[in-house]
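Have a look at the structure below, then the notes.
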Amino acid sequence: MNPTFQLVIGMTCIVQEYKASELETVEVMVMNARQLSRRAVFLDRDGTIIVDKSYLSRPEDVELIPNAGQALRRLQDAGYILIIVSNQSGVGRGYFTMEDVERVNQRLLEELEKFGVRISKIYVAPEAPDQPSRGRKPSPAFLFDAANEFGVDLRASYVIGDKLSDLECGWNAGVRAVILVRTGYGQQTQERHPEILKRAVIVDDLVAAAEWIISQSLDQGFLSRGATN
């Protein structure tokens, strides 16, 4: 008598029985399903993770916002992949080069590694506001790219930033929720756009944003209580 198995993915039971001899095929199906349902947190860089120093171009000037590393580690431990999406118009304006941006980003990655944080990818739009750009926020192009590259389910993902363009990027991509942090330009953004921001979650900083996201994951059953300790 051949034993049979039902395929269960997440909270969904696929009513289909498989023989033991078919388990290899089932394992591939499960792996593919998981890859297609990965959850991500998309983050702005300046003013959200690091102190906004206005056209930052030197690695030595990279300064994490207090407790940002710990907040990102909590999100990572909760199962989210972390992706940075950053407008760097200083390149398009001629203030610094893409090589400068890459050096700054490398220093940021090194600082985050001290907390065990891994950033899956950093997307950069180097164009100035008056230049044609595919990826410059509020365009959602980079979020769509990440969905294809990493198998991200945008409907189960979040965007965190300190400017309206960050939030609009998330809305345009159809993410689950967008979060405004009051660090960087966040306080000014909140004061200037009170009506628009009724659609957003507003918190003090990245720590509070991480706590809110994790609480939502618990409520939706994505996490067990022990996974966040």
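The values are calculated or read from the model by the stated rules, or taken from the named source; none is laboratory data. Keep in mind it's a predicted model, so treat the numbers as computed, not measured. As a convention, Cβ positions derive from the backbone with ideal geometry for all residues, glycine included, and neighbour counts pool all protein chains shown.
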Exercise for review: Could you please let me know if Glu195 is out of contact with any helix residue (DSSP H, G or I) (no Cβ under 9 Å at 6 or more places or on another chain) and either under 25 Å from Arg74 (Cβ atoms) or touching a residue at least 12 places away in the same chain (Cβ under 8 Å) (or both)?
Suggested key: no
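Residue-wise test of (1) in a strand (DSSP E or B); (2) at pLDDT below 95; (3) buried (at least 18 other Cβ atoms within 10 Å of the Cβ).
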site	(1), (2), (3)
Ile84	yes, no, yes
Val104	no, no, yes
Asp130	no, no, no
Ser133	no, no, no
Ser139	no, no, yes
Glu149	no, no, no
Asp166	no, no, yes
Gly170	no, no, yes
Ile179	yes, no, yes
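Yes/no matrix, rows are residues, columns are (1) at pLDDT 95 or above; (2) aromatic (Phe, Trp, Tyr); (3) closer than 18 Å to Lys121 by Cα; (4) assigned to a loop (DSSP other than H, G, I, E, B):
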site	(1), (2), (3), (4)
Cys13	no, no, no, no
Gln16	no, no, no, no
Ala33	no, no, no, no
Val41	yes, no, yes, no
Glu60	yes, no, no, no
Pro66	yes, no, no, yes
Point to revise | Filter pass, Ala146 being free of Cβ contacts under 8 Å to residues at least 60 places away in the same chain and in contact with a strand residue (DSSP E or B) (Cβ under 6 Å, 6 or more places away or on another chain) | key: no
